[in-house]
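K.L.:
I am attaching a structure below and will ask some questions about it afterwards.
Throughout, read-outs are computed from the coordinates displayed, never taken from laboratory work. Note that this is a predicted model, so its numbers are computed, not measured. Because the Cβ atoms are built from the backbone with ideal geometry, glycine has one as well, and the counts that use them run over all protein chains shown.
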Amino acid sequence: MLKTGKGVLALIMSAVFAFGYAFPAGAEVTLEDILKRVEALEAENTALKAEVGALKGAQVSQAAEVADVKAKTLSVAAAAAPAAPLSAAGNFLKTKMDIELYGFVSGVAAWSDSDQGGTASMSNAPRENIAGVASDGQDINFTAQDTRLGLNFKAPDLEDGGKVSGKFEMDFAGGTASSTTSMSVYNPRLRLAYAQLDYAKWGVMAGQNWDFFAPLSVNLINAGVLYRAGNIGTRHPMVYVSNNWGEMLGGKFTSKFGAIDTDDTQQEESGVPVGAGYVGYETKVAGVATTLGVGGAYGRNVIAGATDADIWAVTAGLTLKFTDWLSLKTEGYNGAKLDDFQGGSATGVNGYKGVQSTGGFVELTLKPTKKVETNFGAGQDVTRDVQPSMSNSSVWDYNRTYYTNLKYSLSKDLLLGLEYQYFQTKYTDDVEGDANRLMSSLTLKF
């Protein structure tokens, strides 16, 4: 704008001088004549500015039209072009929700100095003789059946703010089926499958999930964990309502209440599910992160189509996190007819009553570095009030175990594991058994 003003002024001054020289020699030039010429030039200059402005406006309008045409052309081309592939972190399936694939491929080798039978997880209750096999019979097993595959689902939020999610998880520990060759084929097994709706203060879950009234579990390589050796709770079809009660008494309270189907025909024939509940409390004690929990379950079991036996359990758990590298957890239980929850004897019933059992475990975990984790623990299951008629190979007086393991991360995705476990069992028919078990694993996580 400044440059334009200077140009106009220069043009006027030049015209003034030019007019002075343009008049004939000797002619009288007055100031009035010069001013008239200047006014005429200013009028011409104003007209020229208007024409230039009109031309610029036309150019801008034409450029806008060209840009609009280009945008429409690009839009049509983008619609016609094939969709670009999603990134690795995106949804690789064509659904309306976010799906996360997870799991691991695991190879396990196990050796035992006592005939514990079965797969690489073997039995958690050794016996001096199994179908006439001597107690010093040794087992060695290699397997990949604990390989796991899972999907996490996250659906769009509800209009009222509800969070919708779900999970599906499977492994290949569903037993073996003989193939047409000498090989055995591992059958897929459903582990988890549930849908969940959560709000800030409450939520609901339905499907197959972990038994929520005894939620703690041990960090073992052995896929049999401490089943029937002090750690009850497995996976069942269920429904429960969860609540976050907020801050009370210096900590945070949560709860879950619902119903469980044990998949036991005798329990299902009772006509009612197993009712269960759990209350958790998180706080700090002397600067140590502490979680306390109490739970329970109750149901009925039909024996011989006529008589009912009680299914019941009371549980209590404690977790202490001293530092990022040192923690301790323990859980105990007392109840009856707990075989469907991996407690007590496999028979489960004692005449017309459920076999009563008491047990629990304790485990110390150390993580001295990001690559190393080691665990030390012990567990025990004890039965009582067993009738003499049940003094056989399926019921024990006690079954206990001690273990330690080392897990080393070769990389963030590749994990090497070594584990030692000792078992000691005394059955109600006075037969005993013990076993030393060594296990190793190589696991690739994804």
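K.L.:
How big is the dipole moment of the range 100-445 about its Cα centre under a simple scheme where the beta carbon of each Lys and Arg is +1, that of each Asp and Glu is -1, and everything else is neutral? Debye, nearest 20, please.
P.N.:
Dipole about the Cα centre, nearest 20: 1080 debye.
K.L.:
Mind ranking 359-369, 338-348, 279-289 by how tightly packed they are, going by the mean number of other C-beta atoms within 10 angstrom, highest first?
P.N.:
Final packing ranking: 338-348, 359-369, 279-289.
K.L.:
Moving to a separate point now. Tell me the net charge near Gly295. Cut-off is 10 Å between Cβ atoms, Gly295 excluded, with +1 for each Lys or Arg and -1 for each Asp or Glu.
P.N.:
Taking every other residue near Gly295 into account, the sum is -1.
K.L.:
Note down the Stokes-Einstein diffusion coefficient of the range 100-445 in µm²/s, whole number, using a Kirkwood radius over alpha carbon pairs, 20 °C, and 1.002 mPa s.
P.N.:
99 µm²/s
K.L.:
Just list whichever of Lys321/Lys407; Lys321/Lys370; Lys167/Lys252 have alpha carbons separated by over 22 Å in the model shown.
P.N.:
Beyond 22 Å: Lys167/Lys252.
K.L.:
Quick one: if you stick a label point 7 Å off each Cα along the C-beta vector at Val164 and Ala289, how many nm between them?
P.N.:
About 3.2 nm, to one decimal.
K.L.:
In a shell of Cβ-Cβ distance under 12 Å around Gly161, excluding Gly161 itself, what net charge do Lys and Arg (+1) and Asp and Glu (-1) give?
P.N.:
Every neighbour counted, the sum reads -2.
K.L.:
I would also like to ask the following. Write down the Kirkwood hydrodynamic radius of the range 194-268, to one decimal in angstroms, obtained as one divided by the mean of 1/r over all alpha carbon pairs.
P.N.:
Every distinct Cα pair counted, the radius reaches 14.3 Å.
K.L.:
Can I ask one more? Give the cross-link partners of Lys96 among the aspartates and glutamates, using a straight C-alpha distance below 12 Å as the criterion and excluding same-chain residues fewer than 8 apart.
P.N.:
Asp157
K.L.:
I've got another one for you. Where Lys and Arg each count +1 and Asp and Glu each count -1, what net charge lies around Ser106 among other residues with Cβ under 10 Å from its Cβ?
P.N.:
Combined, the nearby Lys, Arg, Asp and Glu give 0.
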